[in-house]
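Student: This is the structure, below, for whatever I ask next.
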Amino acid sequence: MANKSHELLNGWTLIAHKSYKLFSNDNSYVLLDQHNVVSMQFSSTEQELEIFQSDYDLRFKMIPAFKTIKVLTQPDEE
């Protein structure tokens, strides 16, 4: 399991498999899977994380005390 850590604004961190791609505009983010399909759209502020859209099979865990989002879903083996 090769994960990569992405530092987000306002002290948040996203941890996901290295095949995921993260794009940002100000404090809004889009996470793409290995097929370039949007897995999650979200934004962060100092106090909260708002998820606008998430793929139905994307599993993730939020750890508010550490301002961390950990994507648990691993990419398909091909």
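Any read-out appearing in this document is the output of simple, stated calculations on the displayed coordinates, not a laboratory observation. Just so you know, these numbers come straight off a predicted model, no measurement behind them. Note: ideal-geometry Cβ built from the backbone for every residue, glycine included; neighbour counts use all protein chains shown.
Student: What aspartates and glutamates sit close enough to LYS67 to cross-link, taking a C-alpha to C-alpha distance under 19 Å and skipping anything fewer than 8 places away on the same chain?
Tutor: GLU7, ASP26, GLU46, GLU48, GLU50
Student: Find how many whole Å separate the alpha carbon centroid of the range 15-31 from the alpha carbon centroid of the range 60-76.
Tutor: First find each Cα centre; the distance between them is then 12 Å.
Student: If you average the sequence gap of Cα pairs under 8 Å that are 6 or more apart and divide by the length of the range 3-71, what percent do you get for the contact order?
Tutor: Relative contact order here is 28 percent.
Student: Mind listing which GluC sites (Glu not before Pro) in the range 1-51 are in a DSSP loop and have 16 or fewer other Cβ atoms within 10 Å?
Tutor: Here the sparse-neighbourhood loop sites are GLU46, GLU48.
Student: Taking the square root of 5 times each eigenvalue of the Cα gyration tensor, what semi-axes in Å does the equivalent ellipsoid of the range 3-71 have, largest first?
Tutor: They are 18, 13, 12 Å, listed from largest to smallest.
Student: Once phi is turned into ³J(HN,Hα) by the Karplus curve 6.51 cos²θ - 1.76 cosθ + 1.60 with θ = phi - 60°, what whole-Hz value does each residue of the range 48-63 show in order, with x for glycine and proline?
Tutor: Residue by residue, the range 48-63 yields 8, 10, 10, 9, 7, 7, 9, 4, 4, 9, 7, 9, 8, 10, 9, 10 Hz.
Student: Quick query: amide H of HIS17 versus all other amide H atoms, modeled in the peptide plane; which residues come in under 5 Å with a sequence gap of 5 or more or a different chain?
Tutor: Distant-sequence amide H within range of HIS17: LYS4.
Student: Given +1 on the Cβ of Lys and Arg, -1 on the Cβ of Asp and Glu, and no further charges, what dipole in debye does the range 3-71 carry about its Cα centre, rounded to the nearest 20?
Tutor: That gives the range 3-71 a dipole magnitude of about 340 debye.
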